[in-house]
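The structure appears right after this line, and notes come after that.
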Amino acid sequence: MNNFNEFDQPLGPEKNTSSVISHAFENFKSVYIYGIAYIIFAFLISFVISLLFPGSSLSPSTMTEVIDAYKNGNTDEVSEIILSNQDISWASQGVSSLASIIGGALLYPLTAGLIYINHKNNTKQNIEISDLFIGYKQNTVNLILYGLVISILATIGLVFCLLPGIYVYIAGFVGLPIVFFGNKNVSDGLSLSFSTTNQNLGLALGVAILGFLIAISGVLLCGIGAIITLPFIYSASYSLYCALFGTPHEILEN
């Protein structure tokens with residue numbers, strides 16, 4: 001198992017939005033293929049979770065209809081299929097929300113793996129596809145619990161008032177690499193995530209907004225392009241961590 005400390009002279013960007021985004025883009029150009037693998041595995045994990053919650057919008061029957069629509073070239077019908085298969089009852093909405101929260105939390109270790117791949121590229125190390133799953137080998141429980149708490153807090157924030165929910169998502173964006181590289185527990189990870197976000201709110205907000213816009217650019221230009229561009233947000237998360245704390249390096253235990 002690896003531990004991480006910070007370099008005295010970080011191999012990372014300066015503490016400003018343009019430098020962080022530029023650093024993230026340079027990293028992303030070399031690791032986008034692993035980002036595509038991340039999207040595929042994330043979809044598979046989400047689909048498996050949906051099997052446990054048949055009332056969710058990702059239920060197998062709905063996904064089958066969506067796939068058939070794509071095969072037949074009826075892409076305009078996809079949104080209609082999803083809406084028609086949605087049960088708008090409170091119970092169904094609760095099941096769907098629960099599936100989304102649990103599925104999102106279970107993806108946090110996978111996301112940590114993609115961030116780790118960005119780190120290995122940044123420090124000129126050889127990358128293997130197995131690196132994508134390091135989050136399921138290291139600090140896994142805390143990563144999942146951290147994701148669960150962030151998802152619950154963000155959902156509550158979005159329901160009662162939009163801005164608190166957005167703020168929590170930004171704190172999660174800042175905090176995931178903190179929990180992973182620092183091997184933090186949930187309590188320490190949350191505390192450091194929110195304190196770091198508060199102290200660097202302008203930088204975190206700027207990077208999060210630009211990172212999100214670049215990430216969804218594939219949707220705007222060409223729907224299938226989202227598979228390539230969506231993982232950029234995690235390159236931005238890693239670069240922001242480097243700007244705030246310095247680039248981590250591994251200490252291999254004997």
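What is the residue count in the stretch 186-223 for residues that are closer than 17 Å to L153 by Cα and touching a helix residue (DSSP H, G or I) at 6+ places or on another chain (Cβ under 8 Å)?
In the first step, residues of the stretch 186-223 are kept if they are closer than 17 Å to L153 by Cα; the result is 186-195, 197-198.
Right, trim to touching a helix residue (DSSP H, G or I) at 6+ places or on another chain (Cβ under 8 Å) and you get 186, 189-190, 192-194, 197.
Residues that pass the stated criteria total 7.
Given the condition part of a strand (DSSP E or B), in contact with a strand residue (DSSP E or B) (Cβ under 8 Å, 6 or more places away or on another chain), at pLDDT below 95 and surrounded by fewer than 21 Cβ atoms within 10 Å (Cβ to Cβ), answer yes or no: does some residue in the stretch 227-250 qualify? Step through it out loud before you land on a result.
Here is the first cut: in the stretch 227-250, the residues part of a strand (DSSP E or B) are 248-250.
The next check asks that each one be in contact with a strand residue (DSSP E or B) (Cβ under 8 Å, 6 or more places away or on another chain); those that pass are 248-250.
If we keep only those that are at pLDDT below 95 as well, we get 248-250.
Checking the rest, the ones that are also surrounded by fewer than 21 Cβ atoms within 10 Å (Cβ to Cβ) come to 249-250.
Within the stretch 227-250, one or more residues are part of a strand (DSSP E or B), in contact with a strand residue (DSSP E or B) (Cβ under 8 Å, 6 or more places away or on another chain), at pLDDT below 95 and surrounded by fewer than 21 Cβ atoms within 10 Å (Cβ to Cβ).
Specify which of the listed residues (I117, I134, I102) is surrounded by fewer than 20 Cβ atoms within 10 Å (Cβ to Cβ) and not aromatic (F, W, Y).
Numbers: I117 fails: surrounded by fewer than 20 Cβ atoms within 10 Å (Cβ to Cβ); I134 fails: surrounded by fewer than 20 Cβ atoms within 10 Å (Cβ to Cβ).
Result of the check over I117, I134, I102: I102.
Does S191 qualify as being polar (S, T, N, Q) and within 15 Å of S22 (Cα to Cα)?
Working: polar (S, T, N, Q): yes; within 15 Å of S22 (Cα to Cα): no.
So S191 does not fit the description; no.
In the set G157, G113, G135, which member is modelled with pLDDT under 95 and part of a helix (DSSP H, G or I)? Give the derivation first.
Working: G113 fails: modelled with pLDDT under 95; G135 fails: modelled with pLDDT under 95.
Result of the check over G157, G113, G135: G157.
Exactly one condition in (1) in contact (Cβ under 8 Å) with a residue 40 or more places away in the chain; (2) closer than 27 Å to N142 by Cα is not met by L210; state its number.
Result: L210 passes all but (2).
The values are calculated or read from the model by the stated rules, or taken from the named source; none is laboratory data. Because the structure is a prediction, the values reported are computed rather than measured. Positions of Cβ are generated from backbone atoms using ideal geometry, with glycine treated the same way; all protein chains shown enter the neighbour counts.
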